[in-house]
């Protein structure tokens, strides 16, 4: 924080009076931090000194700035203008929280502007505001933003002195400008004209301090004293030469907003667009915008909902209130004005060339709460580092470095948590890295030189585990060059270069070897062959010099055509020739030929066939015979050859001397038979009577008994075939008969009971149709009825008896029973365990013992049973259990008074499942992976409850069962954590996605398998659902990593 006091708090010194001019400001630039500037002797807070010191150039880009003028001095701008002509200079505010208060005067002598000129008619400065939260309050007779107040020179002459309002351009931010007595909010002081004001953005609240006729305007001139008809100045959105037009105050009230609220976008559709940087409502939810007359604009849509109707602003100088009846326009940041904090420094530990950095210390100008690791971003510069955990509070924080990749400078950026604005971000810091060892230089065998044969070159390195990479084009190898895996065959003159690499070590020097190979030129053989029906020229074994070409010509014989040309085993079409270019190896070329053919298309309708059928290929000049045959139950209806019907019908047809394409087709018709169907008293058969059936087809007959009857006998062609509810004649080739007889019905109810109770009566109970039967269910001692199932339907609620009324079918009734059980919930804190853990199920009346054990460097602190502390005991037994209980254990760290184990970067592996977890993990942490079998999310209330219980303990991760094997897991398959991708990748047979969750310093107990297994029971019956296999990983006292 900077606090400055003087003639000007920051700027020029005071003058000596009697015509001596005060010191000018020069140039002041504030980028961030906390700056408090208090003037003395009528100087500006930031700007010129007393006796006409000019404001100079002041630029504020961020930070918290408070500037207070003294006497006739401005808050920011010129000092007292008494007996001189100092001006406000130029002021540019681009961000930050700026409060500028002009000197107050003494009721006779004027004060200074909040931002602008000093008292005694100091002219306003050129003010540009593009962002930030700016509050400017003028002193006596002086504008909030603009000129200083006029005053009467009693000692010299009785006249009132005034100054010009200056120029103010506002394109963003939240600006509040309040004039002193008789002065405008923005513009002239008392008895001073207005200046030039451009407003094209921001929320601007300007208030003049006089309400009488001819009084001070909000934006314009001050109170008229000696002057009449003072000029109000101009109020445009930009200079008229650039297409600017007058603008007028438009007050917009956001629905539902009753506190200071940030608005990141207010309007769309304006030309030019209205700036909204750093814009806040007042505590009543109002924005003060300056828009052209007759502006038509659609208020921007909120994050949800549709845009409201178009609203016309046509007040032409009269403020209008616009209430948005749809939703608050723009994206709103709820809450009070944020706290401005400066990010002061970022410093890494370690030393250049000797010690690797492990953390970066962060210092802030004010206490900051709510910082998380996600708020810290480290960006590579000349150096590179990877961040770890964030610790600290207040103004001092530290971000751990999990590794330093490269020594040098990095950038550290801090994002503001809710309720804060961070200035001075990013900062740079230098990180250090200890130098690694150097990998040995690779060696070649044989050595470089001139050879007359192909050489097999090997490369070796004396550094164990090093990776060798090489090039053969003379370029220097890099980490992405080809990896050396075996001997390199060198058959031409070339240079081989190699370099060795190993993690954690400096790469080796480059080794180079030049090989000159002088081998006599080679020849190659092209073997050319042709099948029956044509020739290839040249043919046989054709010798070709390496690098030269060879043309082959192909000719078919009469009545033949080229079928296929095959080169080196690959078909290349049916061309009349082929050329080999730049021959570098032996080749083969083979040609096959085929006769010219014609197509006879043979088709047959339903009920028969023609042989051969389809598109039949016939060599030119040959003959082809076709045979027509009807299927069983059909006969030939017609035969058509080349669209001519054959009469009489023929059973075969021969095409002779084929020299063109032809067609032949045959149609068929059905043979039919009669089945006579009859039924006796007590039912019916459908269809009945004389039924016509096509030969070879089937006929289904449906038999229906009347109420209280059953089928007695079905007789087909005089033979009984049983008492079926229907009969099917298949492949009918003759006439048939079918007759049905009926008789009255009885039914059987089968009653069964599981272990732990009985059902009365039991077994197969015979009941006449239409009567009723009651069954009674009773549980044995120590049991209770689990479920009663009637005809496969579980009764809910459970019943003690069940009556079948008006029995008209066979039924089943069954009862199951279950032991009465209770749950003992066992939990253990950090530093030890309780066995068994979790929700332990105990049969009523049984006993359950729990064993408590402390980890290394821990001791048992206390054991609490049902809320009662039993002391530091190592075991406890619940006897004759009759209800639910709880037992919990806590542990104390006892390692010689040292600090508790730290969180470090670790990798934990659960061997049974192959799950690997990496991250910042407690030294005592262990990894547990437990499988659960749950229904799909949203299909089972009980399974969804388990997911909700497991979420705070770690992360439930879905693993879809592999369809390739019954076990759902291929041999050797495992889940592998990919740090860069942020999820687990399942090798072979699992597919999964995950995310990170963080739950530091908490003990978690895996869900018991029994709970997961019993949780999916619905209405006494297991539902048929697809299942997912769930892996629950619990890492005690660790930053948990989901997978």
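The values are calculated or read from the model by the stated rules, or taken from the named source; none is laboratory data. Predicted model, so just to flag it, every value in this text is computed and none were measured. We place every Cβ from the backbone using ideal geometry, glycine too, and count neighbours over all the protein chains shown.
For residue 836, the conditions (1) over 30 Å from residue 889 (Cβ atoms); (2) out of contact with any strand residue (DSSP E or B) (no Cβ under 6 Å at 6 or more places or on another chain); (3) at pLDDT 90 or above are fulfilled apart from (1). Against the numbered list (1) within 57 Å of the chain's Cα centre (by Cα); (2) within 15 Å of residue 219 (Cβ to Cβ); (3) modelled with pLDDT under 80, residue 183 comes up short only at (3).
Taking the residues in the stretch 651-676 that are free of Cβ contacts under 8 Å to residues at least 40 places away in the same chain and surrounded by 14 or more Cβ atoms within 10 Å (Cβ to Cβ) as candidates, determine which candidate is farthest from residue 612 (Cα to Cα). Among them, the one singled out is 671.
When residue 868 is tested against (1) over 30 Å from residue 744 (Cβ atoms); (2) outside the structural domain of residue 884 (by TED's automatic domain parsing); (3) surrounded by fewer than 16 Cβ atoms within 10 Å (Cβ to Cβ); (4) without any contact (Cβ under 8 Å) to a residue 40 or more places away in the chain, only condition (2) is not met. A residue that is in the same structural domain as residue 369 (by TED's automatic domain parsing) and farther than 27 Å from residue 61 by Cβ can be found somewhere in the stretch 407-426.
The rows are residues; the columns are (1) in contact with a strand residue (DSSP E or B) (Cβ under 7 Å, 6 or more places away or on another chain); (2) surrounded by fewer than 19 Cβ atoms within 10 Å (Cβ to Cβ); (3) assigned to a strand (DSSP E or B); (4) outside the structural domain of residue 427 (by TED's automatic domain parsing).
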site	(1), (2), (3), (4)
345	yes, yes, yes, no
357	yes, no, no, no
360	yes, no, yes, no
366	yes, yes, no, no
369	no, yes, no, no
378	yes, no, yes, no
386	yes, yes, yes, no
391	yes, yes, yes, no
397	yes, no, yes, no
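Conditions (1) closer than 20 Å to residue 175 by Cα; (2) in a loop (DSSP other than H, G, I, E, B); (3) at pLDDT below 70, marked per residue:
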site: 217; (1), (2), (3): yes, yes, no
site: 223; (1), (2), (3): no, yes, no
site: 226; (1), (2), (3): no, yes, yes
site: 244; (1), (2), (3): no, yes, no
site: 247; (1), (2), (3): yes, no, no
site: 255; (1), (2), (3): no, yes, yes
site: 259; (1), (2), (3): yes, yes, no
site: 271; (1), (2), (3): no, yes, yes
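Test residue 826 against the criterion of being surrounded by 17 or more Cβ atoms within 10 Å (Cβ to Cβ), outside any strand (DSSP E or B) and either in contact with a strand residue (DSSP E or B) (Cβ under 8 Å, 6 or more places away or on another chain) or at pLDDT 80 or above (or both), and give yes or no. For residue 826, the condition - surrounded by 17 or more Cβ atoms within 10 Å (Cβ to Cβ), outside any strand (DSSP E or B) and either in contact with a strand residue (DSSP E or B) (Cβ under 8 Å, 6 or more places away or on another chain) or at pLDDT 80 or above (or both) - is not met.
Quick check on the stretch 777-786. Is at least one of its residues in contact (Cβ under 8 Å) with a residue 24 or more places away in the chain and under 25 Å from residue 709 (Cα atoms)? So far as the stretch 777-786 goes, no, none of its residues is in contact (Cβ under 8 Å) with a residue 24 or more places away in the chain and under 25 Å from residue 709 (Cα atoms).
Table: residues versus (1) modelled with pLDDT of 90 or more; (2) under 60 Å from the mean Cα position of the chain (by Cα).
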| site | (1), (2) |
| --- | --- |
| 497 | yes, yes |
| 509 | yes, yes |
| 522 | no, no |
| 529 | yes, no |
| 532 | yes, no |
| 535 | yes, no |
| 541 | yes, no |
| 551 | yes, no |
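Determine, yes or no, whether residue 503 is assigned to a loop (DSSP other than H, G, I, E, B) and at pLDDT below 90. For residue 503, the condition - assigned to a loop (DSSP other than H, G, I, E, B) and at pLDDT below 90 - is met. Among the residues of the stretch 548-593, those identified as exposed (fewer than 14 other Cβ atoms within 10 Å of the Cβ), in contact with a strand residue (DSSP E or B) (Cβ under 8 Å, 6 or more places away or on another chain) and not in a loop (DSSP other than H, G, I, E, B) are 551, 553, 571, 577, 579, 588.
Looking for something crowded, with 24+ Cβ neighbours inside 10 Å and modelled with pLDDT of 85 or more - is there at least one such residue anywhere in the stretch 143-158? No: zero hits. For the stretch 642-663, a residue qualifies if it is assigned to a strand (DSSP E or B) and closer than 15 Å to residue 599 by Cβ, and the qualifying residues are 655, 662, 663. Remark: pairs (first residue in the stretch 515-534, free of Cβ contacts under 8 Å to residues at least 24 places away in the same chain; second residue surrounded by 11 or more Cβ atoms within 10 Å (Cβ to Cβ) and part of a strand (DSSP E or B); Cβ separation under 9 Å; 6+ apart in sequence or on different chains) = 523/544; 523/545. You will find that of 666, 629, 615, the residue that is farther than 30 Å from residue 695 by Cα, part of a strand (DSSP E or B), touching a strand residue (DSSP E or B) at 6+ places or on another chain (Cβ under 6 Å) and not assigned by TED's automatic domain parsing to the domain that holds residue 533 is 615 and no other. A single entry from 529, 463 fulfils the requirement of being closer than 30 Å to residue 559 by Cβ and either surrounded by 15 or more Cβ atoms within 10 Å (Cβ to Cβ) or in the same structural domain as residue 567 (by TED's automatic domain parsing) (or both): 529.
Candidates are the residues of the stretch 889-903 that are at pLDDT 70 or above and either crowded, with 18+ Cβ neighbours inside 10 Å or under 39 Å from the mean Cα position of the chain (by Cα) (or both); the one that is nearest to residue 841 (Cα to Cα) is 889.
All of (1) within 30 Å of residue 400 (Cβ to Cβ); (2) under 35 Å from the mean Cα position of the chain (by Cα); (3) modelled with pLDDT of 75 or more; (4) outside any strand (DSSP E or B) hold for residue 916 with one exception: (4). Does at least one position in the stretch 774-793 carry a residue that is in the same structural domain as residue 885 (by TED's automatic domain parsing) and at positive phi? No, the stretch 774-793 contains no residue that is in the same structural domain as residue 885 (by TED's automatic domain parsing) and at positive phi. Taken over the stretch 726-766, the criterion of being buried (at least 18 other Cβ atoms within 10 Å of the Cβ) and within 20 Å of residue 712 (Cβ to Cβ) is satisfied by 727, 738, 740, 742, 747.
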